[in-house]
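Report on the structure given below.
The values are calculated or read from the model by the stated rules, or taken from the named source; none is laboratory data. This is a predicted model, so every value here is computed, not measured. Because the Cβ atoms are built from the backbone with ideal geometry, glycine has one as well, and the counts that use them run over all protein chains shown.
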Amino acid sequence: MKKFLAVLTAVMLVFAMASMAFAAGTNPKISKEATNTHTYDIFQMFTGSVEDGQLVNVKYGVNKPASATAGADVDSATLQAAIDSVKDTESKTYNDNEKEAAMSVFCDFTSTPYKQLTATVNEVEVVPGYYLIKDTTAVNGTDDAASINIIKVVDSDLQITPKTSKTTLDKVIVEDTANVKGVEKKQGDIIKFQVTVTLATEISDYDTYTLNIYDTLPDSLDYYTDSTHATTIKNGSTDVASKFTASTSTRALSWKCADIKSGDNAITGGTVVVTYFAKLNENFVSGSAGNENSAYCEFSNNPNNSSDLGKTPPSKAKVYNFKLTLNKVDENGDALIGASFKLSKLDSVSGNYELVEEIDGASISTFEFKGLTSGKYKIEESARPSGYNAIDDITFTLDAEIDDNGEITYDIVDDDDFFSVSATGDGSASIMNEKGSVLPTTGGIGTYIFTGLGAVLVLGAAIYFISKKKTEQQVG
């Protein structure tokens, strides 16, 4: 941002900063890139003619003040009076509104602009002179920012390059030492979230700078705080939580500050980082849809209008777990009740299987195990249906891969390809029990057959032992 004194000095020196003379009949052009869709109003304060690389014969432009006449000479006494009025502010940097107020001595900024660049007009021709170029794009409520005003002698072609950045926001989950977009958790686990706002580099161009941060938790996540899980707000290493008004009583969280630049611990740039915790409750959603929460922020985005607020796109993070459905069936594939199952997970430290859940199936044939996370598991049939053989234990490994965008892909690995995983990220398997060997009922012909076979076996054994004993006596 140029100091206003320097601006006026440039005028007083009759535009000595002009760097080149134009060939006869050639005028400079003001342009922008076609990809730059902003609207720029071009106000002509002064004009003149180029001689020996200088702008001379300075006259009021078409956007002259009400007290002047377009094309009338601007005398040095008028310029000197303006310079004298601001000599005591030499060290001050002026924002856009102050620039306009000071330069209104020479220009009526409420009048129709001399020229305009728009989304469809990328270049205009102007006469050599002194111009104020104002970004008038409507940026309120958008993920965009307006450029600061440009005050410049235009003596050669000028391309407008927006000297502005915009505030951005990113939300992640802090898992160990890594920042990730997705993570696996089971019910009751506490998750650490971090929202980072990177402030626009031109924050110094604003009189005040508003920053409002919003974060929405799903029904499955509860905001959580205790002595070891405290919410913090930091600008670098400085605690700035006291600058923000917090609202965390519902799942619609917010931290708001009307002007981060004022008061104690003024924020003048860098990042603002909100760290908080949430606990996964019983309303969790299993599968690849996950439990999604998102954050966005509102931020000052127009140095020409302090009431304008931009809005970042939502930044999302997800918490996942897995659901496994077991369907108990008989040899015909029909539902079979009466079984009970235990699901255990291998503890990688102890090497033992720890019980996850046991489900009694006395009256059901479908068993749902929810809230599972990656690891090795064992299924045991703790009770079998009456009249059916028990199954052998089944082991499997649940694998999960989460990409950089936080999207998850589940897979189940087992020796017999027993399980399948649906497109929605849920697992399932049908577990069949076979009927056991059952003796025929009393009184049937089968009873006589078994009795006869038993008698034959007993008689054969007796004959064998008698014969053996006679042979031993004869040898003796």
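Just the residues that are farther than 23 Å from residue 310 by Cα and of a type in the set (Lys, Arg), please, taken from the stretch 163-203.
181, 185, 186, 192
Here's the yes/no breakdown for (1) touching a Gly at 6+ places or on another chain (Cβ under 8 Å); (2) outside any strand (DSSP E or B); (3) modelled with pLDDT of 90 or more:
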position: 119; (1), (2), (3): no, yes, yes
position: 124; (1), (2), (3): no, no, yes
position: 145; (1), (2), (3): yes, yes, no
position: 151; (1), (2), (3): no, no, no
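Sort through 262, 237 and tell me the only one that's among the polar types (S, T, N, Q), surrounded by fewer than 23 Cβ atoms within 10 Å (Cβ to Cβ), assigned by TED's automatic domain parsing to the domain that holds residue 220 and touching a residue at least 40 places away in the same chain (Cβ under 8 Å).
Being among the polar types (S, T, N, Q), surrounded by fewer than 23 Cβ atoms within 10 Å (Cβ to Cβ), assigned by TED's automatic domain parsing to the domain that holds residue 220 and touching a residue at least 40 places away in the same chain (Cβ under 8 Å) holds for just one of 262, 237, which is 262.
Just name the residue that is nearest to residue 150 (Cα to Cα) out of those in the stretch 293-303 that are assigned to a strand (DSSP E or B) and touching a Phe, Trp or Tyr at 6+ places or on another chain (Cβ under 8 Å).
300
Return the residues of the stretch 357-376 that are charged (D, E, K, R) and in contact (Cβ under 8 Å) with a residue 40 or more places away in the chain; say none if nothing qualifies.
Result: 368, 370.
In the list 268, 245, which residue meets the criterion of being in contact with a strand residue (DSSP E or B) (Cβ under 8 Å, 6 or more places away or on another chain) and over 21 Å from residue 319 (Cα atoms)?
Being in contact with a strand residue (DSSP E or B) (Cβ under 8 Å, 6 or more places away or on another chain) and over 21 Å from residue 319 (Cα atoms) holds for just one of 268, 245, which is 245.
Keeping to the stretch 358-373, report how many residues are crowded, with 17+ Cβ neighbours inside 10 Å and under 37 Å from the mean Cα position of the chain (by Cα).
Going through the stretch 358-373 one residue at a time, the tally reaches 5.
Can you name the residue in the stretch 309-336 that is part of a strand (DSSP E or B) and among the hydrophobic types (A, V, I, L, M, F, W, C) and is also surrounded by the fewest Cβ atoms within 10 Å (Cβ to Cβ) among such residues?
Filtering the stretch 309-336 for residues that are part of a strand (DSSP E or B) and among the hydrophobic types (A, V, I, L, M, F, W, C), the one surrounded by the fewest Cβ atoms within 10 Å (Cβ to Cβ) comes out as 335.
Go through (1) at pLDDT below 95; (2) within 30 Å of residue 221 (Cα to Cα) and name the single condition residue 333 misses.
Answer for residue 333: the failing condition is (2).
When you look at residue 386, is it part of a loop (DSSP other than H, G, I, E, B) and either in contact (Cβ under 8 Å) with a residue 24 or more places away in the chain or closer than 22 Å to residue 189 by Cα (or both), yes or no?
Yes: the conditions hold for residue 386.
Only one of 412, 431 is part of a strand (DSSP E or B) and at pLDDT below 95; which?
Every option except 431 fails the conditions.
Among the hydroxyl-bearing types (Ser, Thr, Tyr) and not in a strand (DSSP E or B): does that describe residue 306?
yes
Scan 288, 249 and give me the residue that is under 21 Å from the mean Cα position of the chain (by Cα), over 30 Å from residue 147 (Cβ atoms) and not in a strand (DSSP E or B).
288
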